[in-house]
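Scroll down for the structure; my scribbles are underneath it.
Nothing in this text is a laboratory measurement; each read-out follows from the coordinates by a stated rule. Note that the coordinates shown come from a computational prediction; the quantities given were computed from them, not determined experimentally. Counting neighbours? That spans all protein chains shown, and the Cβs are built from the backbone with ideal geometry, glycine included.
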Amino acid sequence: MKDEKSSFLGRLRGRLAADEMFHETEVQANRLGALILLCSGLILVLILILTAFGVFLLPWESVFSPAFQAIVEIVLLLAVCRLVKNDAWWLKPLLLIGLIIVYARLDGMLTHKVAILMVLPVVFSSRYFSRRLTIFTSLLTTVVFFLSSAWGATHGMINLNIVTMPAGTQMIATGGFLGNAVKNAGAGDRMLIVNTLLYDYLPKWLMFSVTSVISCNIARRGRDMVVTQHDKDVKSARIESELNLATSIQADMLPNIYPAFPDRTEFDIYATMDPAKEVGGDFYDFFLIDDDHLCMVMADVSGKGVPAALFMMASKIILANNAMMGKSPAQILTDANTAICSHNREEMFVTVWLGILEISTGKVTAANAGHEYPVLRRPDGVFELFKDKHGFVIGGMDGLRYKEYELMLEPGAKLFLYTDGVPEATDAQGQMFGTENMLAALNQNVDAAPDQLLKNVRAAVDGFVKEAEQFDDLTMLCLQYGNRE
Amino acid sequence: MLHIEKTIENGKAFLAPQGRLDTVTAPEMEGVIKQILPGITSLTLDLAGLEYISSAGLRVLLAAQRPCRRRAK
């Protein structure tokens, strides 16, 4: 074979091999086919046993040979299935043809008795969800059973009324079955065959054709379902990979290179954000407005997931732009609020704490728009909530004016900012972590560097929440003012 | 779950939601407010009966005050 594609086998394989999305269906159907063969074989064995014991009144000589052949065929087919583990492109036609032949043998043997066998292969074929296959099976069944019925007219079991005799005919049975007497009554093989095909095969075929129509319908519907499901799976996979990409984009938006300002020894800053879903609505930001002013932001967008993430990106940029213009915190929040309210049909909002540190003096000017209280540790003191005045959330109401306040940081002082994901972290019983536990985690080691402090709080939250699912984004920032070691 | 006490007298509406105002119950609150808004001149909300309010609930309240502010101008 020079080229597999152009060879006969190759072309046949090309026609028969299912699309990738139907491969699983085909293997499952093959498995069903093997099961059908197994059941049929067991029933055949049972029939033979019952016939041998005289329970079924069947002529042993004409029953044994076809039944035995059918059983052998079944065993061979089952062995082949087992060998390829129901997974080979040629198994589908092999099973269908094999099944038709096995049942045709039985039809030749029991002819008049077996109407149902004719429909079994075509009903089974619908499991492959291929209308073409079902039609092929119907045609093959039609032809093969035509032949087996013709054979069964003279070798199988016939309807005793298959030929009409003149009134008054007497028949003498020489022993055995009445059917044999009818066959030998002189009607002739041709008449037996024609009458069997007309009065036995044809009615059966008519009923069979209805089943064939039903099976075609099932095949088509099944196929549509598999295709729809496949499309859904593809879409799902695409969305998931897009979300993963969005997660990276969002993570990159937040300053995450440490040490953040290696050449500035007057302060140390560290921050982390852990989203609950792939993308989240919490964010922090810090940047130098000029040589002597560091801006810090801690914010929490209403909601979670993609909508919050989109709103978060817009808010972060608006706040940063306003801050870089050199405005005061109150002015920054006021102007950002106006900008955000003008594009906010979905009524999203964001809580913000924004502070500007004058690096040379340690003076922090800050404004709070509905955000959590910051935490302050004065040198030689402990971490405590700093209960600043709250303005309303940003994006909630248009035209609001925000107010700011000042606080002094002495060298060695630490400022800790967070979102409600920390105090509201919930365990399996619905208990919340709380600000007390958060302060305790910070005060565990008041002299730790900012990154270690964040790790301590994170560890405390994890220890509290244990196996419960992370419900909200976890975002924290710590600033240490004064010379770094 | 949410239960809303509603009283309307002379175009003045008093709403007192009881229970939880979260993502699940917020649409119900939104529906009630939308329904009564056209025919009233004043809307008072008593939230003392709420045991829990989420950002979804807050959004419903914020959405309610917007048409009110516009009408007040």
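Counting only residues that are surrounded by 23 or more Cβ atoms within 10 Å (Cβ to Cβ) and over 38 Å from the mean Cα position of the chain (by Cα), the stretch A:73-104 holds 3 of them.
Once the stretch A:276-305 is narrowed to residues that are over 20 Å from A:Leu333 (Cα atoms) and buried (at least 23 other Cβ atoms within 10 Å of the Cβ), the residue that is nearest to the other protein chains (Cβ to nearest Cβ) is A:Gly280.
If you check A:Val306, A:Val297 for being in contact (Cβ under 8 Å) with a residue 12 or more places away in the chain, of a type in the set (Val, Ile, Thr) and closer than 17 Å to A:Glu372 by Cβ, only one passes: A:Val297. At least 3 residues being more than 25 Å from A:His371 (Cα to Cα) and away from chain A (no Cβ under 14 Å) is the threshold, and among the strands (runs of 3 or more DSSP E) wholly inside chain B those reaching it are B:2-9, B:12-21, B:42-45. Within the stretch A:120-127, none of the residues are without any contact (Cβ under 8 Å) to a residue 60 or more places away in the chain and of a type in the set (Lys, Arg). Note on the stretch A:397-425: residues that are over 22 Å from A:Val350 (Cβ atoms) and either among the acidic types (Asp, Glu) or within 14 Å of chain B (Cβ to nearest Cβ) (or both) total 2.
Being in contact with a Leu (Cβ under 7 Å, 6 or more places away or on another chain) and either more than 14 Å from every other protein chain (Cβ to nearest Cβ) or part of a strand (DSSP E or B) (or both) is a property that A:Leu310 lacks.
For A:Thr228, the test of being without any contact (Cβ under 8 Å) to a residue 12 or more places away in the chain, among the hydroxyl-bearing types (Ser, Thr, Tyr), out of contact with any Pro (no Cβ under 8 Å at 6 or more places or on another chain) and assigned to a helix (DSSP H, G or I) is passed.
Conditions (1) more than 46 Å from the chain's Cα centre (by Cα); (2) surrounded by 14 or more Cβ atoms within 10 Å (Cβ to Cβ); (3) closer than 21 Å to A:Asn456 by Cα, marked per residue:
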residue	(1), (2), (3)
A:Thr361	yes, no, no
A:Val364	yes, yes, no
A:His371	no, yes, no
A:Leu385	no, yes, yes
A:Met397	no, yes, no
A:Glu406	yes, no, no
A:Phe416	no, yes, yes
A:Asp427	no, yes, yes
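Residues of the stretch A:432-443 that are away from chain B (no Cβ under 14 Å) and without any contact (Cβ under 8 Å) to a residue 12 or more places away in the chain: A:Gly434, A:Glu436. A:Ala460 satisfies every condition listed in (1) away from every other protein chain (no Cβ under 14 Å); (2) in contact with a strand residue (DSSP E or B) (Cβ under 6 Å, 6 or more places away or on another chain); (3) among the aliphatic types (A, V, I, L, M) except (2).
Of A:Val45, A:Val84, all but one fail to be under 28 Å from A:Leu139 (Cα atoms) and of a type in the set (Val, Ile, Thr); the exception is A:Val84.
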